[in-house]
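Asker: Structure in structure tokens, see below.
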Amino acid sequence: MPDEEVMIRVLLVDDQELFRRGVKMVLEAEGTLEVEEADDGAKALASVEANPPDVVLLDVRLPGRSGVEICAAIKAASPSTAIIMLTASD
């Protein structure tokens, strides 16, 4: 029986569509990553609760609740999910 490729589920959470699109394109080029997107904390939490990802790439600055608050909520909902916080500023 051939080895199956292990898919790593990544949730990309950022309110900037262009940024999400670019990062998703780079990540999917790897071939073993399944990338989902959310543009705010509420959608991110709903995604995590429905199907917990392996890794969350999470923007610190989100509309509504901050990325720090969403980070805590994600860890409460899915303790095994790894979270990488991202930020960019002028």
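Asker: Would you call Leu45 open to solvent by less than 50 Å² (accessible area, probe 1.4 Å), within 14 Å of Val23 (Cβ to Cβ) and under 13 Å from the mean Cα position of the chain (by Cα)? Break it down stepwise before answering.
Answerer: On the way: open to solvent by less than 50 Å² (accessible area, probe 1.4 Å): yes; within 14 Å of Val23 (Cβ to Cβ): no; under 13 Å from the mean Cα position of the chain (by Cα): yes.
Spelling it out, it is not the case that Leu45 is open to solvent by less than 50 Å² (accessible area, probe 1.4 Å), within 14 Å of Val23 (Cβ to Cβ) and under 13 Å from the mean Cα position of the chain (by Cα).
Asker: Looking at Val60, is it in contact with a Ser or Thr (Cβ under 6 Å, 6 or more places away or on another chain) and among the β-branched types (Val, Ile, Thr)?
Answerer: yes
Asker: Taking the range 1-42, which residues are acidic (Asp, Glu) and exposed (fewer than 11 other Cβ atoms within 10 Å of the Cβ)?
Answerer: Residues satisfying the conditions are Asp3, Glu4, Glu5, Glu17, Glu30.
Asker: Applying the selection to the range 48-86, what residues are outside any strand (DSSP E or B), closer than 18 Å to Val23 by Cα and open to solvent by 80 Å² or more (accessible area, probe 1.4 Å)?
Answerer: Arg61
Asker: Sticking with this structure for a sec: Among the residues of the range 12-46, count how many are closer than 16 Å to Ala77 by Cβ and in contact (Cβ under 8 Å) with a residue 60 or more places away in the chain.
Answerer: 0
The values are calculated or read from the model by the stated rules, or taken from the named source; none is laboratory data. Keep in mind that this is a model prediction, so the values were computed, not measured. Every residue, glycine among them, receives a Cβ derived from its backbone with ideal geometry; neighbour counts consider all protein chains shown. Note: accessible area is taken over every heavy atom of the protein model, side chains too, but ligands, DNA and RNA are not part of it. Shrake-Rupley method; radii C 1.70, N 1.55, O 1.52, S 1.80 Å.
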